[in-house]
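Asker: Have a look at the structure that comes next, please.
The values are calculated or read from the model by the stated rules, or taken from the named source; none is laboratory data. Note that the structure is a prediction, hence the values are computed from the model and not measured. Glycine also receives a Cβ, built like all others from the backbone with ideal geometry; neighbour counts cover every protein chain displayed. In case anyone asks, the SASA skips ligands and DNA or RNA and just uses the protein heavy atoms, side chains included. Shrake-Rupley method; radii C 1.70, N 1.55, O 1.52, S 1.80 Å.
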Amino acid sequence: MNNIKIGLGGELYVLAHEKENLINRGRKDLAEKVLHVSKLFGDKMGYDVLSFDFKGNPKWIEVKTTSGEISDDFYISENEYNTMIKNRQKYFIYRVYGFSIENKSGQIKEIKCSTELDKLKIDVSILKVKPNKYYNK
């Protein structure tokens, strides 16, 4: 149950983060279109949050949240993996770490899958992701 609370908390944190960033950059119009996709449609979409860059291009964000360190392993589903591979140009992993349910805060590491997948070592046999030595750079 605690993992579910942490996961949902991380998704809500990213949702607020994305809206705030867009508003701060003068794109309130886009902030109003940010969606909590996993809440609306469940896990079938392969990502959690629909957001946008400042030019209006869609960002499909898969949120991976833990209360631990950035270097902790995390898991992705087969659907998330397939969605990521087929949609690299708009797919992002937001690694939320050091997340506190009580404070509703943590830190976010954004990974743009079109250019930064080499920062992750993905074991497709079990879909376990282990940050490699370049992850923290």
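Asker: Can you give me the three principal axis dimensions of region 25-137 from its C-alpha atoms, in Å, biggest first?
Answerer: 39, 35, 29
Asker: Considering region 1-75, what Rg and Dmax in Å follow from its alpha-carbon atoms?
Answerer: 13.1, 38
Asker: To continue, here is another question. To the nearest 500 deg cm²/dmol, what mean residue ellipticity at 222 nm is calculated for the chain from DSSP H runs of n ≥ 4 alone, each contributing -39,500 (n - 2.57), summed and divided by the residues?
Answerer: Values: 5 runs with 45 residues, N = 137.
Calculated from helices alone, the mean residue ellipticity at 222 nm is -9500 deg cm²/dmol.
Asker: Just the number, please: carbon plus sulfur as a percent of the accessible area of the chain, 1.4 Å probe, no ligands or DNA/RNA counted. Write out the running numbers ahead of the final one.
Answerer: Working: 4020 of 8100 Å².
Its accessible area is 50 percent carbon and sulfur atoms.
Asker: Would you mind calculating the gained length between Arg88 and Tyr75 on full extension (0.36 nm times residue separation, minus the Cα-Cα distance), in nm to one decimal?
Answerer: Details: separation 13, 0.36 × 13 = 4.68 nm, distance 1.79 nm.
Once the chain is fully extended between Arg88 and Tyr75, it gains 2.9 nm.
Asker: Build a GNM of the chain with springs between Cα atoms under 10 Å: which of Ser125, Ser114, Ser67 gets the top mean-square fluctuation?
Answerer: The residue that fluctuates most here is Ser125.
Asker: Mind pulling up the Rg/Rh value for region 52-107? Radius of gyration and Kirkwood radius, both on Cα.
Answerer: Values: Rg = 13.1 Å, Rh = 12.6 Å.
Using only Cα positions, Rg/Rh for region 52-107 is 1.04.
Asker: What does a probe at Ser114 reach in region 51-66, counting residues whose amide N is under 11 Å from the point 7 Å along Cα→Cβ?
Answerer: Counting backbone N atoms under 11 Å from the label point, the list is 53, 57-60.
Asker: Here is a further query. Excluding Ser77 itself, calculate the net charge of residues whose Cβ lies under 10 Å from the Cβ of Ser77, where each Lys or Arg counts +1 and each Asp or Glu counts -1. The partial results should precede the final answer.
Answerer: Working: positive: none; negative: Asp43, Glu62, Glu78, Glu80.
Cβ neighbours under 10 Å give a net charge of -4.
Asker: Which chymotrypsin sites (Phe, Trp or Tyr not before Pro) in region 47-119 pass both tests, a DSSP loop state and at most 10 other beta-carbon atoms within 10 Å?
Answerer: Details: sites: Tyr47, Phe52, Phe54, Trp60, Phe74, Tyr75, Tyr81, Tyr91, Phe92, Tyr94, Tyr97, Phe99; in loops: Tyr47, Phe54.
In loop regions of region 47-119 (DSSP not H, G, I, E or B), there are no sparsely surrounded chymotrypsin sites (Phe, Trp or Tyr not before Pro).
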